[in-house]
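Peer 1: One structure follows; several queries about it will come next.
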Amino acid sequence: MAEERIILGIDPGTTIMGFGLIKVVKNSMEFIQLNELNLAKMSDPYLKLQRIFERTIELIDTHHPDEIAIEAPFFGKNVQSMLKLGRAQGVAMAAGLSRQIPVTEYEPKKIKMAITGNGNASKEQVAKMLQQLLGLKELPKNLDSTDGLAAAVCHFFNSGKTVVGKSYSGWDAFVSQNADRITKK
C-alpha cells in the first residue's frame, strides 16, 4: 500500500452528484475537498450523464486520485429511479476506469456502518461524524457532498481488508468479473 494516496468518493445521482476527496498519509486522513454537481436544472437525461462523466474526468485530472470509492445504488421499489441511479454510477465508474483508476463500490449501509458504527444512520449523523473525523469547520446545506466524502472515508477504513465490495482495476477486470452480464451477438 502506498505511503501517500488520494481517494475520490462519489455519491452518484442524476439530480445531485456528491463527491469528496481525502489524502491518506501513512495511516491518517487529510480532508481535501467536498462539493456537489447540481443537475436539477438540466432536463435531458443523456446530457446529465455526459455532465457527470465530464465532471468526474475533471476531478480526476485536477486531483489525480489513486482510487475511487463509489456508493452503490440501493434497491428500492421504484425501478425507474434505480435505472437512473445505475446509469449515473456507471458513467462515473467509466470515467475512472478510462483513466485506469481502480474503482470500488460500497453499499450505503456499509458506508454508514464504517463512519458511524450504525448501518441505519441518517445523513445528518454521517455528516456530523465526518465533521469530527476530518475537523471540518462547517457542513454544507445539502448532504450529498458529505455522502461522497463518506464513500472515500469508508474506503480508507476498509483498505487492506480482503473483501471490500466489487473492485475493478480497468475494463478487463470489469469484464472478467461480470461475464454473466456480457451478451455476444
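The values are calculated or read from the model by the stated rules, or taken from the named source; none is laboratory data. The structure displayed is predicted, hence computed values, not measured ones. Note that we place each Cβ from the backbone using ideal geometry, even for glycine, and neighbour counts take in every protein chain shown. In case anyone asks, the SASA skips ligands and DNA or RNA and just uses the protein heavy atoms, side chains included. Shrake-Rupley method; radii C 1.70, N 1.55, O 1.52, S 1.80 Å.
Peer 1: Please find, within the range 40-55, the residue that is surrounded by the most Cβ atoms within 10 Å (Cβ to Cβ) out of those that are in a loop (DSSP other than H, G, I, E, B) and not small (G, A, S).
Peer 2: Of the residues in the range 40-55, the ones in a loop (DSSP other than H, G, I, E, B) are 40-44.
Remaining after also requiring not small (G, A, S): 41-42, 44.
Working: K41: 6, M42: 15, D44: 9.
Filtering the range 40-55 for residues that are in a loop (DSSP other than H, G, I, E, B) and not small (G, A, S), the one surrounded by the most Cβ atoms within 10 Å (Cβ to Cβ) comes out as M42.
Peer 1: Select from the range 88-118 the residues that are over 22 Å from L59 (Cα atoms) and part of a loop (DSSP other than H, G, I, E, B) and write down the one among them that is most open to solvent (accessible area, probe 1.4 Å). Spell out the reasoning first.
Peer 2: Taking the range 88-118 first, the residues over 22 Å from L59 (Cα atoms) are 107-110, 112-118.
Filter again for part of a loop (DSSP other than H, G, I, E, B), leaving 107, 117-118.
Values: E107: 93, G117: 53, N118: 67 Å².
So, considering only residues that are over 22 Å from L59 (Cα atoms) and part of a loop (DSSP other than H, G, I, E, B), the one most open to solvent (accessible area, probe 1.4 Å) is E107.
Peer 1: When the residues of the range 19-28 are narrowed to those that are open to solvent by 40 Å² or more (accessible area, probe 1.4 Å) and either touching a strand residue (DSSP E or B) at 6+ places or on another chain (Cβ under 6 Å) or not in a strand (DSSP E or B) (or both), which ends up farthest from L134 (Cα to Cα)?
Peer 2: Narrowing the range 19-28 to residues open to solvent by 40 Å² or more (accessible area, probe 1.4 Å): 23, 25-28.
Cutting the leftovers down to either touching a strand residue (DSSP E or B) at 6+ places or on another chain (Cβ under 6 Å) or not in a strand (DSSP E or B) (or both) gives us 23, 25-27.
Details: K23: 11, V25: 13, K26: 15, N27: 13 Å.
Among those that are open to solvent by 40 Å² or more (accessible area, probe 1.4 Å) and either touching a strand residue (DSSP E or B) at 6+ places or on another chain (Cβ under 6 Å) or not in a strand (DSSP E or B) (or both), it is K26.
Peer 1: Can you tell me which residues in the range 153-169 are in contact with a Pro (Cβ under 9 Å, 6 or more places away or on another chain) and either part of a loop (DSSP other than H, G, I, E, B) or at pLDDT 80 or above (or both)? Steps first, answer last, please.
Peer 2: Residues of the range 153-169 in contact with a Pro (Cβ under 9 Å, 6 or more places away or on another chain): 167-169.
The one that is in contact with a Pro (Cβ under 9 Å, 6 or more places away or on another chain) and either part of a loop (DSSP other than H, G, I, E, B) or at pLDDT 80 or above (or both): S169.
Peer 1: Something else: When only residues in the range 75-87 that are open to solvent by 100 Å² or more (accessible area, probe 1.4 Å) and at pLDDT 80 or above count, which is nearest to the chain's Cα centre (by Cα)?
Peer 2: From the range 75-87, those open to solvent by 100 Å² or more (accessible area, probe 1.4 Å) are 75, 77, 79-80, 84, 87; that's our starting set.
With at pLDDT 80 or above added as a condition, the list becomes 79-80, 84, 87.
On the way: V79: 21, Q80: 21, K84: 16, R87: 14 Å.
Taking the candidates together, the pick is R87.
Peer 1: Still on this structure, I have one more. What do you reckon, is D11 within 17 Å of the chain's Cα centre (by Cα) and closer than 20 Å to M129 by Cβ?
Peer 2: Numbers: within 17 Å of the chain's Cα centre (by Cα): yes; closer than 20 Å to M129 by Cβ: yes.
Judged against the criteria, D11 is a match.
Peer 1: Here is a follow-up. Is there a residue being aliphatic (A, V, I, L, M), open to solvent by 30 Å² or more (accessible area, probe 1.4 Å), outside any helix (DSSP H, G or I) and within 22 Å of V153 (Cβ to Cβ) anywhere in the range 7-15?
Peer 2: Taking the range 7-15 and keeping what is aliphatic (A, V, I, L, M), we get 7-8, 10.
So of that shortlist, the ones also open to solvent by 30 Å² or more (accessible area, probe 1.4 Å) come out as none.
Scanning the range 7-15 turns up no residue that is aliphatic (A, V, I, L, M), open to solvent by 30 Å² or more (accessible area, probe 1.4 Å), outside any helix (DSSP H, G or I) and within 22 Å of V153 (Cβ to Cβ).
Peer 1: In the range 120-146, which residue that is outside any helix (DSSP H, G or I) and within 17 Å of the chain's Cα centre (by Cα) is surrounded by the fewest Cβ atoms within 10 Å (Cβ to Cβ)?
Peer 2: In the first step, residues of the range 120-146 are kept if they are outside any helix (DSSP H, G or I); the result is 120-122, 135-143.
Now narrow it down to the ones that are within 17 Å of the chain's Cα centre (by Cα): 142-143.
Working: N142: 13, L143: 21.
Checking each candidate, the answer is N142.
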